[in-house]
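Undergrad: This is the structure I want to talk about, given as structure tokens.
The values are calculated or read from the model by the stated rules, or taken from the named source; none is laboratory data. A quick note: this is a predicted structure, and the numbers were derived from the prediction, not measured. Here the Cβ positions follow ideal geometry from the backbone for every residue, glycine too, while neighbour counts run over all protein chains shown. When the accessible area is computed, the model is the full protein with side chains, heavy atoms only, and any ligands, DNA or RNA have been set aside. Shrake-Rupley method; radii C 1.70, N 1.55, O 1.52, S 1.80 Å.
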Amino acid sequence: MGCKTLDLAGAISLKLNNNTHFLRCSPKPFLAFVGSIRSRRHPNGSPSTLLTFRPHKSPPSFSLRAQSATVAPVERVVVLVIGGGGREHALCYALKRSPSCDTVFCAPGNPGISTSGDATCISDLDISDSSAVISFCRKWGVGLVVVGPEAPLVAGLVNDLLKVGIHAFGPSSEAAALEGSKNFMKSLCDKYGIPTAKYQTFTDPSAAKQYIQEQGVPVVVKADGLAAGKGVIVAMTLNEAFDAVDSMLVKGSFGSAGCRVIVEEYLEGEEASFFAMVDGENAIPLESAQDHKRVGDGDMGPNTGGMGAYSPAPILTKELEDLVMKSIIYPTVKGMSAEGRKFVGVLYAGLMIEKKSGLPKLIEYNVRFGDPECQVLMVRLESDLAQVLLAACRGQLSEVSLNWSAGSAMVVVMASKGYPGSYEKGSVIRNLDEAEAVTPSVKVFHAGTALDLDGNFIAAGGRVLGVTAKGIDLKEARDRAYQGVEEINWPGGFYRCDIGWRALPLPQKQFASRVRQKVLETSSKTNVFELYNSEEVEANVGTRL
């Protein structure tokens, strides 16, 4: 909610200082407001006092509550979010709801973030230029920078911010190597006994192919560096594995990210996403979430950055969460500290829960909030995110407990036709307001949108929208999310029909008929991507045409 001007006529009581107070007004309706006084100076140099009120989320009260003089006031903060995707939109949304957050900036942001009012977007701020970011923070009194994408983290933006005394949530470039180099991550696992798949690292394609032949298929081939979520090939045949090696080491398809490859044991089981907040020494788990990496229904087709997610994830039981913290997260935090690379930020562990043993193994680390999981987590978070992130920056997570809404949340990603391969940009997207009007629990996060000359939203990326909804359970969240999706008019996009199927399977007849209908639509118009055998209907992607 935005700030409101308040007519004090009829106020029953008013007592204002620099602390937060509650004001009840009369006559009806009774409204509760959170107020603060801040001194500002006009451009002409004259001082002024700014009285700001924001509607408070709690139900109205019939009594005036003032913060006790013995309790330290909550620190207020201006936040800058770095990035412009769906993850950053979700973070802005959560920070905007944080009671202690005065202002949220996002650089570069996107039109969906700015038009929703979730943040003020600074599209012309060069986030690759640390000096420009620092100058902006000093000019606007930014007290916390939240770095969303991995590239600025690996490049050392956090290092530069910390040097000048600006709190920055995210790892240093040294600690970001956990994601920036899969070989580093694997070596850390070896050294500190963290369970992961067996592997070898190669720069010579012949040696890599020989190892693959010795190990047999299926096998996983990974680019060592950052490849925008696309540098992982699950090869089911020797030819596929050899082609992956040649693509990375010979043809240079992933540039410098693929100049070294990891050939890894194929693990059979169920993937899960595990998130932990880390302050360098302490770690606390976030709520569970699980995403769908494959582009097609039934988890078939090429890997993507994520086609949808849900929270909580039933596979991550409390017992399994405790085991992951004990065997994977804590050893990583301690190991990074021992290596002189103290980690501050979010550890996003991609796990495989092995089919045979039921035990978790670490597939890979991301060093920031995952997307689309971040979207379902942020709509469920009830704690003051700004204060939680500041506590992490200060090494005070041991004093923090997180509150989450009951029930479930789900996000369905809408992507441009052709994704994760080549896709066209510029197709018009309509009825986004109608999607959010289906129910108050639906929120559309923008990941890859722009505005055309007529002010219409258009697709400007592969993954474009995240239609997110909450419900009392996963079924209600799923129904609401898909209701929102169906309201959106976007001929250039597609989505999966079965998000959450592992936790809440669709009836087989319903599932098959929906996919067959999508196949018929696709066959009569434009292919989304290469369709699979029509008898294996679960392999075909859902699409809105």
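Undergrad: Could you tell me the accessible area of Tyr266 in Å² (1.4 Å probe, neighbours in place), rounded to the nearest ten?
TA: For Tyr266, solvent-accessible area is about 90 Å².
Undergrad: About the Cα centre of segment 198-266, how large is the charge dipole given +1 on each Lys and Arg Cβ and -1 on each Asp and Glu Cβ? Please answer in debye to the nearest 20. Could you put the intermediate results ahead of the total?
TA: Numbers: 6 positive and 8 negative charges, 35 e Å.
Roughly 160 debye for segment 198-266.
Undergrad: Moving on. Can you compute 3J(HN,Hα) from phi for each residue in segment 195-211, using the Karplus curve 6.51 cos²θ - 1.76 cosθ + 1.60 with θ = phi - 60°, rounded to whole Hz and x for Gly and Pro?
TA: Those phi angles translate into x, 8, 6, 4, 7, 9, 10, 9, 10, 9, x, 5, 5, 5, 5, 5, 5 Hz.
Undergrad: May I ask which of Lys191/Lys222; Lys425/Lys470; Lys326/Lys475 have a Cα-Cα span longer than 23 Å here?
TA: Lys425/Lys470; Lys326/Lys475
Undergrad: Among His89, Pro218, Ser206, which residue has its Cα positioned farthest towards the positive end of the charge dipole of segment 89-248, with +1 placed on the Cβ of Lys and Arg, -1 on the Cβ of Asp and Glu, and the dipole taken about the Cα centre?
TA: Result: His89, furthest along the dipole toward the positive end.
Undergrad: Here is a follow-up. Can you list the HN-Hα couplings for segment 177-192, worked out from phi with the Karplus curve (6.51, -1.76, 1.60; θ = phi - 60°), rounded to whole Hz and with x for Gly and Pro?
TA: Listing the rounded values in order: 4, 4, 9, x, 9, 5, 5, 4, 4, 5, 5, 5, 4, 4, 5, 10 Hz.
Undergrad: Report the full-extension gain for the segment Ala132 to Tyr211: residue separation times 0.36 nm, less the Cα-Cα distance, to one decimal in nm.
TA: Values: separation 79, 0.36 × 79 = 28.44 nm, distance 4.71 nm.
Between Ala132 and Tyr211, full extension yields an extra 23.7 nm.
Undergrad: Which value, in debye to the nearest 20, gives the size of the charge dipole of segment 77-172 about its Cα centre, when Lys and Arg are +1 and Asp and Glu are -1 at the Cβ? It would help to have the intermediate numbers written out before the result.
TA: On the way: 6 positive and 8 negative charges, 51 e Å.
In debye, rounded to 20, segment 77-172 gives about 240.
Undergrad: Principal axis lengths of segment 198-266 from Cα atoms, whole Å, largest first?
TA: Answer, in whole Å and largest first: 27, 21, 20 Å.
Undergrad: A follow-up question, please. Would you mind checking which residues have amide H under 5 Å from Ile458's amide H? H placed 1.01 Å from N; only 5 or more apart, or other chain.
TA: Here the answer is Ile429, Ala450, Leu451, Asp452, since their amide H atoms fall under 5 Å of that of Ile458.
Undergrad: Would you pull out the residues with amide H under 5 Å of Phe105's amide H, same chain only if 5 or more places away, H placed 1.01 Å from N?
TA: HN-HN under 5 Å from Phe105: Val79, Leu80, Val81, Thr120.
Undergrad: Where does the charge balance sit around Leu238 when Lys and Arg score +1, Asp and Glu -1, over other residues with C-beta under 15 Å from its C-beta?
TA: Its environment carries a net charge of -3.
Undergrad: Heavy atoms only, 1.4 Å probe, whole protein assembly: order Thr317, Thr203, Thr468 by accessible area, highest first.
TA: Thr203, Thr317, Thr468
Undergrad: Straight distance only, please: which aspartates and glutamates reach the Cα of Lys251 with their own Cα at less than 16 Å, same-chain residues fewer than 8 apart left out?
TA: Asp204, Asp224, Glu240, Asp243
Undergrad: Moving on to the next point. If you plug each phi of segment 457-473 into the Karplus form 6.51 cos²θ - 1.76 cosθ + 1.60 with θ = phi - 60°, what whole-Hz ³J(HN,Hα) values come out, in order, with x for Gly and Pro?
TA: Values, residue by residue: 6, 10, 6, 9, x, x, 8, 10, 9, x, 8, 10, 8, 10, x, 5, 8 Hz.
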